[in-house]
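Written out below as structure tokens is the structure these notes cover.
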Amino acid sequence: MKPLLVLLGVFGLLAAGTYFWQGYVNVVLAGNGAMAAMLLFTGAAHFAFTKGMMGMLPDFLPAKKAWVLATGVLEIVAAVGLLLPALRPLTAWLLIAFFILILPGNIIAARRHLNYQTGTLDGPGLRYLWFRIPLQLFFIYWTWTFSLAWPSYLANFSHVI
């Protein structure tokens, strides 16, 4: 829930800010800036909650701590990539793939009733997936919309991008 609040809150701030500074809402900047802020937030969580997030990984996967830390770095790098127009399309496609690839970790966490912040097994369980799966699809849609679709559509209006 917190990542969604970061995403929507930063989007609102950037949309309002670009409107007041530029005279129009720069949806590409607001959408990518918001996703970048969310990725910085979630990427930092990989370092703050490493032990708990290790429990989200399948049992057969070795070096769980390295995977958690690497994906945290990956999210931070993706945040930067979304803010650089030359890297944005590649970053967006890789981020969409990343969002698909991490979904099994959320399923594992739900099945184990994992509370990833504490590493304990008192989390919300399977009901968490009723929120998490649509949220994951929303993140994919958001990335596609603001990093790929809108820039392509607005390319005819170069002053907007």
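The values are calculated or read from the model by the stated rules, or taken from the named source; none is laboratory data. All values reported here derive from a predicted model rather than from experimental measurement. Reconstructed Cβ throughout: ideal geometry from the backbone, glycine too, with neighbour counts over all protein chains shown. Surface areas here come from the heavy atoms of the whole protein model, side chains and all, with no ligands, DNA or RNA. Shrake-Rupley method; radii C 1.70, N 1.55, O 1.52, S 1.80 Å.
Details
- Boolean, A34 is part of a helix (DSSP H, G or I), open to solvent by less than 20 Å² (accessible area, probe 1.4 Å) and closer than 23 Å to S152 by Cα: yes
- Residues within the range 1-37 that are out of contact with any Phe, Trp or Tyr (no Cβ under 8 Å at 6 or more places or on another chain) and free of Cβ contacts under 8 Å to residues at least 60 places away in the same chain, tallied: 19
- Among the residues of the range 99-153, the ones that are without any contact (Cβ under 8 Å) to a residue 24 or more places away in the chain, open to solvent by 70 Å² or more (accessible area, probe 1.4 Å) and among the β-branched types (V, I, T) come to 0 in all.
- Only one of the numbered conditions (1) loosely packed, with under 13 Cβ neighbours inside 10 Å; (2) farther than 27 Å from G52 by Cα; (3) touching a Leu at 6+ places or on another chain (Cβ under 7 Å) is not met by L84, and that is (3).
- Residue within the range 138-148 that is of a type outside the set (F, W, Y) and out of contact with any helix residue (DSSP H, G or I) (no Cβ under 8 Å at 6 or more places or on another chain) present: no
- Entirely in the range 46-116, the helices (runs of 4 or more DSSP H) that have 1 or more residues that are closer than 27 Å to S152 by Cα: 64-83, 88-111
- Per-region count, the range 44-67, residues in contact with a helix residue (DSSP H, G or I) (Cβ under 7 Å, 6 or more places away or on another chain), closer than 17 Å to A110 by Cα and surrounded by fewer than 13 Cβ atoms within 10 Å (Cβ to Cβ): 1
- G9 vs. criteria within 26 Å of R127 (Cβ to Cβ), surrounded by fewer than 17 Cβ atoms within 10 Å (Cβ to Cβ), of a type outside the set (D, E, K, R) and under 18 Å from the mean Cα position of the chain (by Cα): yes
- Considering the conditions (1) open to solvent by 60 Å² or more (accessible area, probe 1.4 Å); (2) touching a residue at least 40 places away in the same chain (Cβ under 8 Å); (3) among the β-branched types (V, I, T), V77 is excluded by exactly one of them, (2).
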